[in-house]
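Read through the structure below, which is laid out as C-alpha cells, and then see the notes.
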Amino acid sequence: MTRKPLRPLARIFSARNAGENPDLIEHVNRRERIEMQHERILRKTQRRLFMMGGIFVISFGVIGMRMTALAVSEPIEPKARATAAQILASRADILDRNNRVLATNIDTHSLYAHPRQIIDPEGTSPAIGGNISRHQC
C-alpha cells in the first residue's frame, strides 16, 4: 500500500497561489487517513464476527442433528465388552485366630432345614422367612 503524504507539495503550492490556508490540506488528509483505517478495522471485525457466527451455527446444527438422530433411533442396551479373563466374585473365607475356617462360600442349588434339629424354631422362623412351628417338628 502506497502511503499518501499529509502535505503534498503540489497541492500546497496551488493553495498558496490561490490564497488558501495550506494547513487545511493536512487536516483533510489526516481525516481521510483515519477514516480509511477505521473502515479497514471495521471490515476486519465484521469478517471475524461472521466467521464466529458461522462456526456457532454449524456447531449447534451438528449438535441438533445428533440429538435428533438419537431421539428418532430405537433405544439399545449397551453391551459390555467381554475380556478373556473372567472375574469370579466370591467372598473370602472367615477365619479364626488359629486360621480355622468359621464361614465359607458354598455353591448350592437349594437351601433346606431339618425342623427337628432346630433348637428354637419360633426364633429362627422370622430370620429365614419361613413358617416353622413346634407342631411341624
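The values are calculated or read from the model by the stated rules, or taken from the named source; none is laboratory data. The structure presented is a predicted model; accordingly, all values stated were derived computationally and were not measured. Ideal geometry is used to build each Cβ from the backbone, glycine not excepted, and the neighbour counts take in all protein chains shown. Keep in mind that these areas ignore ligands, DNA and RNA; they rest on the heavy atoms of the full protein, side chains included. Shrake-Rupley method; radii C 1.70, N 1.55, O 1.52, S 1.80 Å.
Brief remarks on what is shown
- Per residue, the accessible area of region 1-72 comes to 91 Å², computed with a 1.4 Å probe over protein heavy atoms only.
- For region 35-114, dividing the convex hull volume of the Cα atoms by the residue count gives 340 Å³ per residue.
- Whole-Hz couplings from phi, Karplus 6.51/-1.76/1.60, listed for region 29-46; x for Gly and Pro: 5, 4, 4, 5, 5, 5, 5, 5, 5, 5, 5, 5, 5, 5, 4, 4, 5, 5
- For Phe56, the solvent-accessible surface with a 1.4 Å probe is about 110 Å², rounded to the nearest 10.
- Residues Gln37 and Ile12, FRET efficiency given R0 of 30 Å [Cβ-Cβ distance, rounded to 0.05]: 0.80
- When you filter the trypsin sites (Lys or Arg not before Pro) in region 19-110 for DSSP loop state and at most 13 other Cβ atoms inside 10 Å of their Cβ, you are left with Lys79, Arg81, Arg91, Arg97, Arg100.
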